[in-house]
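A short write-up of the structure that comes next.
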Amino acid sequence: MPRRAEAHELASVAADDDDARSSLDSSLPPYQDADTMSPPLLDLVESPDAPLLSPTASTQPVWLTQRTTRRRLPPLWLSRLLPRLKALLRPRLTWRYILCAAVALYAAGCVVTGSHFFASRLPDYSGPHRVGALDLEVPLEKPLLVSNTTRRRGGAGGEPAFELETVLFTLYYPIDGGVRSRKPRHLWLPPPISLTAEGYATLAHANNFIVRPVFTFFLWAVGGSITIPAAVDMPLLSPPSSAAAASSSSATTTHRLPVMVFSHGMASSRTDYTHYLGELASHGHVVAALEHRDGSCPGTIIKHPTKPDRRVLPLRQKDLVSDPPMDEPRLKRDQLAFRTAEIFETIRALRTLDAGSALTTTRSEGDHLSSFAHRLDFSHLTIAGHSYGATGALQALKNATSSSNPAVAGIALDPGKASGPFNEDINVPLLVVHSSSWSRAHSMFYGRPHFDTVRDLVRGVLSRTGAAWFLTSRGTSHPSVTDAPLLEPLLLSWTTGATVDVKQGLQEYVRVSLDFLNYLQENKTTGILAEKTTHEEYDKWVSKEREAEFPKQVAKYWQIHVSPADVQS
């Protein structure tokens, strides 16, 4: 059968091939993988001096052998993160991407320049002198009970609410150039920040465990690392060489420096006006910035030498017990009386400092108090304040120039609209400056417009002393004299309506204050104080002729409501 013969023949050929292959395999050496080569051969191939093998070599060297290794996969978390990271970094013109990129660039810029993330740094002072800062807390010889009002404890009265034990103030003063302090600068927000935050939460009627940490974090983020640009605990500016040669017993006012005591406003503290006060110090004035313990400061700590530290938070009417029952007018009277007592005790402490007597202080500063001996000029003592502090300054000017009250002048910036009636018994030169927002807003004050009340008060002082001014700083708002606009210029301009450049506006406050203080020393009016009245009413010129003759550059910043120039002409 042909098919069977063909199959038999093919099987025979295959068998012959298998026999031939077996014979060939038996004649060859056993197979070795390249990775299992004998050591001599490996040494030869891997030797650095071995010649290259010829291209016709039948054995491939190890270093040319391809090895197949298993690729290691990245961790699961990384494999998920990388696509998201790539997508995040991929430029896209969406508002979220632009916002995040802007924040990142801003943060990087702050790190590079050393700026604060959420606020500007306080600028240096512009006067001819460097400025020193010194915290002093002076205990009274015995506590002074200003009012019988007590703090409520469980429905009944407890400790006195208005008992004065110590006075705390920061001195800003001129110092010599070329010397550096070994102590760190004062923080603009004194520690602990949590105390100030609790005070603001109390004022907001939200003092609870949820709001307090939020306020604390916000204050820390905005101003926790901001410092005051003044050298801490340095000697007072050296006297002129001619005066230095004179003995302290024969010291004259030629090398003495004028003094100011400054009172802060409601919900403020001694560190809220550092630039305004530091500017005055850089021009040769010694300024004591008080921190009131009357319940108007967000938070302060009383450090007494023989008692534990005591926190003081804002006081509200419901926190107090009195007979008759406490009401708002009585609370204002008690607070103003307490503030006045603090002002006078601060003056007493400064007099002790000037006399060269030992001054007890419970703060960790005061290494150079002796440099203040016989250097303070109380014949040019001014009492000043802002808002509630301006009302307190007017109150403290009663009986001025007496032995118990040596003040010779006053500066009132935005006298309060809800801080009690004004003291009109003032017989010393007076400068009153309103911000635009304070003059513009029509507010009733004990049955009369607030603006009219202030104007008539200044007119009365002018008739008795011949030296009183009432001005409005144009384009400014109530906080313009504080540090707040310098730290947050855009935010404050947006929320308060101020239109003037924040630095320029504050500099105008400094300039007019210096003009007034120089008038007290030289009896000569300069600058805006030498001008006649422009507006008896806010924003209403007294005449077109006055509008035409008044310098436009000055009119950009000021309106004059009361001026001695009208009487002198």
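The values are calculated or read from the model by the stated rules, or taken from the named source; none is laboratory data. Keep in mind the model is a prediction, meaning the values are calculated, not measured. Every residue, glycine as well, gets a Cβ built from its backbone with ideal geometry; the counts of neighbours run over all protein chains shown.
Any idea which of 540, 544, 556, 552 is touching a Gly at 6+ places or on another chain (Cβ under 9 Å) and of a type in the set (D, E, K, R)?
When all the criteria are applied, what remains is 556.
For the stretch 363-407, what are the residues that are surrounded by fewer than 18 Cβ atoms within 10 Å (Cβ to Cβ) and among the β-branched types (Val, Ile, Thr)?
The one that is surrounded by fewer than 18 Cβ atoms within 10 Å (Cβ to Cβ) and among the β-branched types (Val, Ile, Thr): 401.
Working only within the stretch 142-159, note down all residues that are at pLDDT 95 or above and out of contact with any Asp or Glu (no Cβ under 8 Å at 6 or more places or on another chain).
Listed by number, the list holds a single entry, 142.
Quick check on the stretch 218-256: of everything there that is surrounded by 14 or more Cβ atoms within 10 Å (Cβ to Cβ), of a type in the set (A, V, I, L, M) and at pLDDT below 95, which residue is farthest from residue 279 (Cα to Cα)?
Top of the filtered list is 246.
Being farther than 17 Å from residue 419 by Cβ and part of a helix (DSSP H, G or I) is the filter; apply it to the stretch 280-320 and report the residue that is farthest from the chain's Cα centre (by Cα).
Among residues in the stretch 280-320 that are farther than 17 Å from residue 419 by Cβ and part of a helix (DSSP H, G or I), the one farthest from the chain's Cα centre (by Cα) is 318.
If you scan the stretch 447-489, which residues turn out to be more than 22 Å from residue 535 (Cα to Cα), of a type in the set (Gly, Ala, Ser) and touching a residue at least 12 places away in the same chain (Cβ under 8 Å)?
Result: 484, single match.
Return yes or no: is residue 179 within 30 Å of residue 257 (Cα to Cα) and in contact (Cβ under 8 Å) with a residue 12 or more places away in the chain?
Criteria met by residue 179.
Restricting to the stretch 440-466, name every residue that is buried (at least 18 other Cβ atoms within 10 Å of the Cβ), within 16 Å of residue 391 (Cα to Cα) and either hydrophobic (A, V, I, L, M, F, W, C) or out of contact with any Lys or Arg (no Cβ under 9 Å at 6 or more places or on another chain) (or both).
Correct list: 451, 453, 454, 455, 457, 458, 461.
If residue 463 satisfies every condition in (1) at pLDDT 95 or above; (2) part of a loop (DSSP other than H, G, I, E, B); (3) of a type in the set (Gly, Ala, Ser) but one, which is the exception?
Among (1) at pLDDT 95 or above; (2) part of a loop (DSSP other than H, G, I, E, B); (3) of a type in the set (Gly, Ala, Ser), residue 463 violates only (2).
With the condition kept exactly as written, say whether any residue in the stretch 506-515 is crowded, with 20+ Cβ neighbours inside 10 Å, in the same structural domain as residue 441 (by TED's automatic domain parsing), of a type in the set (Asp, Glu) and touching a helix residue (DSSP H, G or I) at 6+ places or on another chain (Cβ under 6 Å).
There is no residue in the stretch 506-515 that is crowded, with 20+ Cβ neighbours inside 10 Å, in the same structural domain as residue 441 (by TED's automatic domain parsing), of a type in the set (Asp, Glu) and touching a helix residue (DSSP H, G or I) at 6+ places or on another chain (Cβ under 6 Å).
Looking at this structure, is residue 306 surrounded by fewer than 16 Cβ atoms within 10 Å (Cβ to Cβ), in the same structural domain as residue 146 (by TED's automatic domain parsing), modelled with pLDDT of 95 or more and out of contact with any Lys or Arg (no Cβ under 7 Å at 6 or more places or on another chain)?
Yes: the conditions hold for residue 306.
Go through (1) out of contact with any helix residue (DSSP H, G or I) (no Cβ under 7 Å at 6 or more places or on another chain); (2) not in a helix (DSSP H, G or I) one by one and return the number of the condition residue 346 breaks.
Going through the list (1) out of contact with any helix residue (DSSP H, G or I) (no Cβ under 7 Å at 6 or more places or on another chain); (2) not in a helix (DSSP H, G or I), residue 346 breaks only (2).
Considering 469, 494, which residue is surrounded by fewer than 19 Cβ atoms within 10 Å (Cβ to Cβ) and of a type in the set (Phe, Trp, Tyr)?
Every option except 494 fails the conditions.
For the stretch 424-439, enumerate the residues that are within 26 Å of residue 350 (Cα to Cα) and surrounded by fewer than 19 Cβ atoms within 10 Å (Cβ to Cβ).
425, 427
Pairs needed: first member in the stretch 519-548, of a type in the set (Asp, Glu); second member anywhere, surrounded by 13 or more Cβ atoms within 10 Å (Cβ to Cβ) and part of a loop (DSSP other than H, G, I, E, B); C-beta distance under 7 Å; at least 6 residues apart or different chains.
Matching pairs, first to second residue: 531/563; 536/542; 547/541.
Please go through the stretch 367-399 and pick out each residue that is among the aliphatic types (A, V, I, L, M) and over 30 Å from residue 441 (Cβ atoms).
Residues satisfying the conditions are 369, 373, 376, 381.
Is it fair to say residue 529 is surrounded by 14 or more Cβ atoms within 10 Å (Cβ to Cβ), of a type in the set (A, V, I, L, M) and under 27 Å from residue 408 (Cα atoms)?
Criteria met by residue 529.
Need at least 2 residues that are closer than 24 Å to residue 451 by Cα, among the polar types (S, T, N, Q) and under 21 Å from the mean Cα position of the chain (by Cα) per element, so show me which helices (runs of 4 or more DSSP H) inside the stretch 475-568 make the cut, counting only ones lying wholly within it.
489-496
All but one of (1) within 23 Å of residue 532 (Cα to Cα); (2) without any contact (Cβ under 8 Å) to a residue 60 or more places away in the chain; (3) not polar (S, T, N, Q) hold for residue 444, so report the exception by its number.
In the conditions (1) within 23 Å of residue 532 (Cα to Cα); (2) without any contact (Cβ under 8 Å) to a residue 60 or more places away in the chain; (3) not polar (S, T, N, Q), residue 444 misses (1) alone.
Here's a check for you: in the stretch 334-355, which residue that is among the charged types (D, E, K, R) and within 14 Å of residue 383 (Cα to Cα) is surrounded by the fewest Cβ atoms within 10 Å (Cβ to Cβ)?
348
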